[in-house]
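Peer 1: Pasting in a structure now, in structure tokens, and then I'll have a few things to ask.
The values are calculated or read from the model by the stated rules, or taken from the named source; none is laboratory data. Small disclaimer: the values here were computed from a predicted structure and weren't measured. Positions of Cβ are backbone-derived with ideal geometry, glycine not excepted, and every protein chain shown enters the neighbour counts. Each accessible area value is taken on the protein alone, full model and side chains, heavy atoms only, with ligands, DNA and RNA left out. Shrake-Rupley method; radii C 1.70, N 1.55, O 1.52, S 1.80 Å.
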Amino acid sequence: MKKIFHFDSPADPYIADAALLCCFDHRINRAVRKFMKKQGIERPDLIIVAGGAKTLASPRNDFEQDFILEQVRMSIRLHQTKRVIVMSHSDCAT
Ligand SMILES: [Zn+2]
């Protein structure tokens, strides 16, 4: 395997400001970043999947909803997350 990039991430544990569920659609990246900045969210646990909040409201299968909820539980367990934000957007292909 060829190494193409090296980055040392901080090893210190952290408390997440929020777990944020959003769509993977590139068109909303800037809006999501601006929203987080405006809300003072500096250390989010990002859960980025096709459809974002739609995966909880209208899951395509039994696995999808369980997977997302487990990600939220892990954020709470590992990073003491107190706030969960679910986002959807217009013109979502899902
Ligand atoms: Zn979308």
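Peer 1: Checking Thr81 against (1) outside any helix (DSSP H, G or I); (2) within 16 Å of the ligand (Cβ to nearest atom); (3) at pLDDT 95 or above; (4) surrounded by 12 or more Cβ atoms within 10 Å (Cβ to Cβ), which test does it fail?
Peer 2: Condition (2) is where Thr81 drops out.
Peer 1: Turning to a different aspect of this structure: Checking the conditions here, which among Ile28, Ile47 is of a type in the set (A, V, I, L, M), within 16 Å of the ligand (Cβ to nearest atom) and not in a strand (DSSP E or B)? Even if it seems obvious, please write down each step before you answer.
Peer 2: Working: Ile47 fails: not in a strand (DSSP E or B).
So the residue among Ile28, Ile47 that is of a type in the set (A, V, I, L, M), within 16 Å of the ligand (Cβ to nearest atom) and not in a strand (DSSP E or B) is Ile28.
Peer 1: Hey, Phe7 hits all of (1) within 20 Å of Met74 (Cα to Cα); (2) open to solvent by 30 Å² or more (accessible area, probe 1.4 Å) but one; which does it fall short on?
Peer 2: Here Phe7 meets the rest and fails (1).
Peer 1: With the structure loaded, tell me whether Arg60 is open to solvent by 90 Å² or more (accessible area, probe 1.4 Å), basic (Lys, Arg), within 16 Å of the ligand (Cβ to nearest atom) and at pLDDT below 95 or whether it fails that test. Talk me through it step by step, then tell me what you get.
Peer 2: Numbers: open to solvent by 90 Å² or more (accessible area, probe 1.4 Å): yes; basic (Lys, Arg): yes; within 16 Å of the ligand (Cβ to nearest atom): yes; at pLDDT below 95: yes.
So Arg60 passes the test.
Peer 1: Looking at (1) within 16 Å of the ligand (Cβ to nearest atom); (2) without any contact (Cβ under 8 Å) to a residue 60 or more places away in the chain, can you tell me which one Phe7 breaks?
Peer 2: Of everything listed in (1) within 16 Å of the ligand (Cβ to nearest atom); (2) without any contact (Cβ under 8 Å) to a residue 60 or more places away in the chain, Phe7 misses just condition (1).
Peer 1: Something else now. Please work out which residue is least open to solvent (accessible area, probe 1.4 Å), limiting yourself to segment 11-25 and to residues that are closer than 15 Å to His79 by Cβ and assigned to a loop (DSSP other than H, G, I, E, B).
Peer 2: Ala16
Peer 1: So, one more: For Lys54, which of the numbered conditions (1) in contact with a Ser or Thr (Cβ under 9 Å, 6 or more places away or on another chain); (2) closer than 12 Å to Cys22 by Cβ; (3) surrounded by fewer than 17 Cβ atoms within 10 Å (Cβ to Cβ); (4) not polar (S, T, N, Q) fails to hold?
Peer 2: That leaves (3) as the condition not met.
Peer 1: Still on this model: Residues of segment 30-51 being touching a Phe, Trp or Tyr at 6+ places or on another chain (Cβ under 9 Å) and closer than 19 Å to Lys82 by Cα, which ones? Working first, answer last.
Peer 2: Taking segment 30-51 as the starting set, the residues that turn out to be touching a Phe, Trp or Tyr at 6+ places or on another chain (Cβ under 9 Å) are 41, 43, 48-51.
Selection gives Ile41, Arg43, Ile48.
Peer 1: Suppose we keep only residues that are crowded, with 17+ Cβ neighbours inside 10 Å and within 20 Å of Ala93 (Cα to Cα) within segment 26-48. Which one would you say is nearest to the chain's Cα centre (by Cα)?
Peer 2: The residue in question is Ile47.
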